[in-house]
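Only the coordinates and a few stated rules stand behind these numbers; no lab work does. What you see is a predicted model, and the numbers here were worked out from it, not measured in a lab.
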Amino acid sequence: MFYDPKKKRIVDYGSSRPCGSNMNRFSIHAEQKAIDFCRKNDKRNRYQIYISRYSRTGSHKPTHCCYSCNILVHKYNFENRIFTINEHDEIISAINDNPEISLAYKIKYNL
């Protein structure tokens, strides 16, 4: 979800998507799509990105950036603009100090 704090409204939302077998990636993560959207549509750098998942009970689960998304976030200076929502509906940073490798790459490289 892309949030404009100045206008206090949600600008757009999206989701991650799997890629086909003829791609060099397994999936495009929500963080990657969000950064692409903000680079194209947010010229004033004011949008905030919220990434979250839902549990089976319908509550929020925190979603943190994986290793490759963490590199992308630091490359484009989005460290203070990507957030997640924890179980208590509190807004926290989605950046980890020690990020994990995504599950698809763990399977591919037997890590």
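Computed from phi, the 3J(HN,Hα) profile of region 57-68 under the Karplus parametrisation 6.51, -1.76, 1.60 (θ = phi - 60°) reads 7, x, 8, 6, 10, x, 10, 9, 5, 7, 4, 5 Hz, with x in place of Gly and Pro.
Of all aspartates and glutamates in the structure, those lying under 14 Å Cα to Cα from Lys7, and not within fewer than 8 positions of it along the same chain, are Asp42.
Measuring between alpha carbons in the structure, the pairs from Lys40/Lys61; Lys6/Lys75; Lys8/Lys43 lying more than 23 angstrom apart are Lys40/Lys61; Lys6/Lys75.
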